[in-house]
1. Leaving out ligands, DNA and RNA, and with a 1.4 Å probe, what % of the accessible surface on region 311-362 is carbon or sulfur?
2. Tell me which residues come under 5 Å, amide H to amide H, from Gly78 once H is placed; ignore anything under 5 positions away on its chain.
3. Leaving ligands and nucleic acids out of the surface, order Met158, Met235 by accessible area at 1.4 Å, largest first.
4. Please give the contour-minus-distance gain from Lys273 to Lys320: 0.36 nm per residue of separation, less the Cα-Cα distance, rounded to one decimal in nm.
5. For region 243-251, what does the Karplus curve 6.51 cos²θ - 1.76 cosθ + 1.60, with θ = phi - 60°, yield as ³J(HN,Hα) per residue in whole Hz, taken in order and with x for Gly and Pro?
6. Roughly how many Å² is the accessible area per residue of the chain, as a whole number, for a 1.4 Å probe?
7. Express in nm, to one decimal, how much length is gained between His3 and Ala199 on full extension, taking 0.36 nm for each residue of separation and deducting their alpha carbon distance.
8. When all C-alpha to C-alpha distances in region 302-346 are sorted into bins of 5 Å, what percent of pairs does each bin hold, rounded to whole numbers?
Amino acid sequence: MSHNTFGHLFRVTTWGESHGPALGCVVDGAPPRLALSEDDIQAWLDKRRPGQSRFTTQRREADLVKILSGTFEGKTTGTPVSLLIENTDQRSKDYGDVMDKFRPGHADYTYLAKYGVRDYRGGGRQSARETAARVAAGAIARIILGKKIKIRGALVQMGPHKIDRARWNWNETEKNPFWCPDAKSAAQWETYLDGVRKAGSSCGAVIEVRASGVPVGLGAPIYGKLDADLAQALMSINAVKGVEIGDGFAAASLTGEENADEMRVAAKGNMGKKTPEFLANHAGGILGGISTGQDIVARFAVKPTSSILSPRNTVTTGGKNTSIITKGRHDPCVGIRAVPVGEAMMACVLADHLLRHRAQNG
């Protein structure tokens, strides 16, 4: 199976399956002499780790990361950094009933049709378990970006229920199990998701990721656009079905006057030059594929978890009609744990473009 690598100068290759002995990634392109320890990576993996509340899968994985290569005396050497995360709580027997059936909404059928082989235990490479490796890679990307660039994500919609943006408070994302910036909505979501979970069903979600402190000039015209690479990275996350940058699809209903991010002369910037100040950010911090210096804003939609307890019509691998119920430990809303994954993919893309910008422009 090819296509397990993304990035140009900051390149990430992930490997491993949901119910295999381990998973991980190889990060190539990290500059030398960066301080890097397992604790630097573990802090971000702990945000994504399963089993932290009744609203996520009860699979108990410590997700402890091990650095196997690429560092010496606590610093990167410029060689590939290999990271290992062991699987310790697989229950493959939970999938015995679906080994000969295709789960509706899942990639079971397409994987088997394409490759002629399918790992039915949790989905193999299809599983959202693969995203742990992305979060580990994102931790290294954040070190490359430095402290001036801050990346934060939040759940802004669960099922049909959206947050009230007038109540947005970043501090609230650390106080509830949903990474929700609206305390009132978070309380309402608890009741809603409890009902979904007890019914054996699932729901979708929308996640918003923002990066502040991004310098002007990241990205390149035409085929190297920052927003194109960001959209591809977010779209590659398991269960994601839609991505938008800035106002996204809402921009289609605006007039030219409303959509224009007007500018005025701001205070003097570097070398005494006067820099423009934007009065709005409908573009999401990217114009012509190049960062403007404003916040980079992206949102992505995650579909409901395909593995549910409600009976669904399907077919067997032998071509017979049947029905299916998927038992096991599954997220009633996989979008919750997609928040740190979205942050990581944003970090990886920005780190890649930062290195590409330096390579071309010095």
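The values are calculated or read from the model by the stated rules, or taken from the named source; none is laboratory data. None of these values were measured; they are calculated from a predicted model. Methodologically, a virtual Cβ is constructed for each residue, glycine included, from the backbone with ideal geometry; neighbour enumeration extends over all protein chains shown. For the accessible areas, the whole protein counts, side chains as well, though only heavy atoms, and no ligand, DNA or RNA atoms are used. Shrake-Rupley method; radii C 1.70, N 1.55, O 1.52, S 1.80 Å.
1. Roughly 44 percent of what the probe reaches on region 311-362 is carbon or sulfur.
2. For Gly78, whose amide H was placed from the backbone, the distant partners under 5 Å are Arg33.
3. Descending order: Met235, Met158.
4. This chain segment gains 9.8 nm when fully extended.
5. Karplus values, whole Hz, x for Gly and Pro: 9, 9, 10, x, 6, x, 5, 5, 5.
6. Spelled out: the 1.4 Å probe surface of the chain, per residue, equals 49 Å².
7. 66.9 nm
8. 5, 19, 17, 18, 15, 10, 9, 6, 1
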